[in-house]
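In what follows, a structure is listed as C-alpha cells, so that the remarks can point back to it.
The values are calculated or read from the model by the stated rules, or taken from the named source; none is laboratory data. Predicted model, so just to flag it, every value in this text is computed and none were measured. Counting neighbours? That spans all protein chains shown, and the Cβs are built from the backbone with ideal geometry, glycine included.
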Amino acid sequence: MFIEPSKLNEAAVSSLAQSGVEVRSYEEIFSAIDSLTDTTILIDPKRTCFAVYDRIPDTVKIIEKLNPSTALKAIKNNTEIAHTRQTMINDGVAMTKFFKWVEENIASGMLTELSIADKLRGFREAQEGFVDVSFNTIAGYLEHGALPHYSATEKSSSTLEAKGLLLVDSGGQYKTGTTDITRVISLGQITQEEKEDYTIVLKGTIEGSQAIFPVGTRGYQIDAITRRPIWQTLRNYGHGTGHGVGFFLNVHEGPQTFNPSNIDVPVDPGTITSIEPGLYRVGKHGIRIENLVLTKSLESSEFGDFLNFETLTICYIATDLIEKSLLDQSHIDWLNQYNQWVYAQVSPRLAEEEKVWLAEKCKTI
C-alpha cells in the first residue's frame with residue numbers, strides 16, 4: 001500500500017502487516033513499478049494516471065478491470081447497514097436541534113451562512129461516534145442556494161433575515177457510518193414561485209424514493225424516474241440525481257450513480273445512494289431535497305426479480321413550503337408517513353420542548 005505514512009498510526013500499520021500488507025510511501029511507487037518483472041497486475045484505467053501506467057515494464061501483463069475493492073465497499077453488509085440506520089437517528093437528532101435553533105434565532109440578525117455551518121457542526125459533535133463532517137457544509141441563503149456547490153467565505157457569507165429560503169447541504173462522518181442530507185426551509189415570507197418550485201422538487205424526491213425496478217436497472221433510469229415530475233413542468237437541473245455513499249469512507253463513492261451518463265453500472269442491492277433532485281433560479285433561490293436510500297431486494301415474479309429503496313435519512317421535510325394542489329394523494333401519503341416515521345425515530349432523544357417543536361413540523365398535511 002502506497003500512502004502518506006503520517007495518515008496511519010502504529011496500530012493501523014501493525015494490523016495491515018498482519019494481513020500481509022506492506023506500507024510504503026508515495027515516493028516509492030515508481031521504484032516499485034521499475035522492479036516489476038514477469039508478473040501480472042490489475043489496474044483500474046479510470047483511476048490510474050498515465051505516468052504510472054506508462055512506467056509499467058513491457059514484460060508485465062496488464063489486466064484492466066474495476067478495482068476489486070470498489071464493489072466490496074459499495075455493497076454494504078448487514079452490520080454496516082444496521083450501524084448506518086442507527087447513525088441516521090443520531091444525525092437526525094443533530095439536524096432537528098439545528099433547525100429549531102435557526103428558527104428561534106433568525107430574528108437576532110446575527111446568523112450568517114458561516115456561523116450556522118459552525119453551529120451545525122457543534123450539534124453533530126454532540127452525537128455518539130462523530131469524527132468529522134463528511135464535507136464542508138453548503139449553507140446557501142437566497143441566491144446563494146442557486147449555486148449547487150456554493151462554499152461561503154468570510155467575504156461572501158450572507159447574513160440571514162426573516163424571509164426567503166435557506167438551503168443546507170451537509171453531512172457527518174461517524175465511526176458507524178457516513179451521512180449526507182439536504183433540506184430547504186423557509187425563514188419567513190416566501191413567494192408562490194418558491195412554493196411551486198419546492199413542491200415540484202419534492203415530487204421528484206418522492207418518486208425516486210418510491211421506485212420499484214427490475215434487477216439490472218441502471219442509474220440513468222433512476223435519474224429519469226426522479227426527474228419526470230420536474231420535466232413535466234418544463235423544469236430541470238444540471239447535476240446528477242444521486243451518488244454512492246461510503247461507510248465511514250468517501251461521501252462520494254462509486255461505482256453506482258444516478259446520473260444521465262452512467263449507463264453501464266447496475267443498481268445493486270446493498271448499495272447506499274443519494275436521491276437529490278434540485279431546481280435553481282440564478283439570482284433568486286435554489287432548492288434541493290436529498291435523502292440517502294438503501295437498495296433492497298423486494299420480490300420476485302414470473303417477470304424476474306425486483307428491487308426497491310429503503311429511505312435511510314431521518315430528518316423532517318418542511319411542509320410549510322408546499323403547494324398542496326400540485327401533489328397527488330400518493331405523494332401526500334408518502335410525505336405524511338415519512339415525517340411521522342421521523343418523529344417516531346428522533347423524538348425519544350429529544351427534550352420535551354424539542355418534541356413539541358418537531359411534532360408541529362411532522363404533522364400531516
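Before moving on, here are some points about what is shown:
- Selection over segment 181-218 of residues that are in a strand (DSSP E or B) and farther than 16 Å from Leu165 by Cβ gives a count of 5.
- A Cβ distance below 8 Å, combined with a sequence gap of six or more or placement on separate chains, defines the contacts here; from segment 317-334, residues that are in contact (Cβ under 8 Å) with a residue 40 or more places away in the chain reach residues that are loosely packed, with under 13 Cβ neighbours inside 10 Å and β-branched (Val, Ile, Thr) in the pairs Thr319/Ile365; Ile322/Ile365; Lys324/Ile365.
- Subset of segment 161-180 that is closer than 21 Å to Asp320 by Cα and surrounded by fewer than 24 Cβ atoms within 10 Å (Cβ to Cβ) - its residue that is nearest to the chain's Cα centre (by Cα): Gly164
- Test: residue in segment 93-116 that is surrounded by fewer than 16 Cβ atoms within 10 Å (Cβ to Cβ), in the same structural domain as Gly244 (by TED's automatic domain parsing), touching a helix residue (DSSP H, G or I) at 6+ places or on another chain (Cβ under 8 Å) and small (Gly, Ala, Ser): no
- Gly20 falls short on exactly one of the conditions (1) in a helix (DSSP H, G or I); (2) more than 30 Å from Asp264 (Cα to Cα); (3) among the small types (Gly, Ala, Ser), and that condition is (1).
- Which listed residue is surrounded by fewer than 17 Cβ atoms within 10 Å (Cβ to Cβ) and touching a helix residue (DSSP H, G or I) at 6+ places or on another chain (Cβ under 6 Å), from Ile230, Ile263, Ile200: Ile263
- Check on Lys97, within 29 Å of Gly140 (Cβ to Cβ) and out of contact with any strand residue (DSSP E or B) (no Cβ under 7 Å at 6 or more places or on another chain): yes
- Looking only at residues in segment 23-45 that are part of a helix (DSSP H, G or I) and acidic (Asp, Glu), the one that is farthest from Gly254 (Cα to Cα) is Asp34.
- When Pro148 is tested against the conditions (1) modelled with pLDDT of 95 or more; (2) buried (at least 18 other Cβ atoms within 10 Å of the Cβ); (3) touching a strand residue (DSSP E or B) at 6+ places or on another chain (Cβ under 9 Å), the lone failure is (1).
- Looking only at segment 298-338, and only at residues there that are touching a strand residue (DSSP E or B) at 6+ places or on another chain (Cβ under 6 Å) and of a type in the set (Gly, Ala, Ser), the one that is surrounded by the fewest Cβ atoms within 10 Å (Cβ to Cβ): Gly304
- Among the residues of segment 26-61, those that are in contact with a Leu (Cβ under 9 Å, 6 or more places away or on another chain) and either acidic (Asp, Glu) or surrounded by fewer than 10 Cβ atoms within 10 Å (Cβ to Cβ) (or both) comprise Asp44, Thr59.
- Filter pass, Glu253 being in the same structural domain as His149 (by TED's automatic domain parsing), part of a strand (DSSP E or B), charged (D, E, K, R) and over 19 Å from Thr205 (Cα atoms): no
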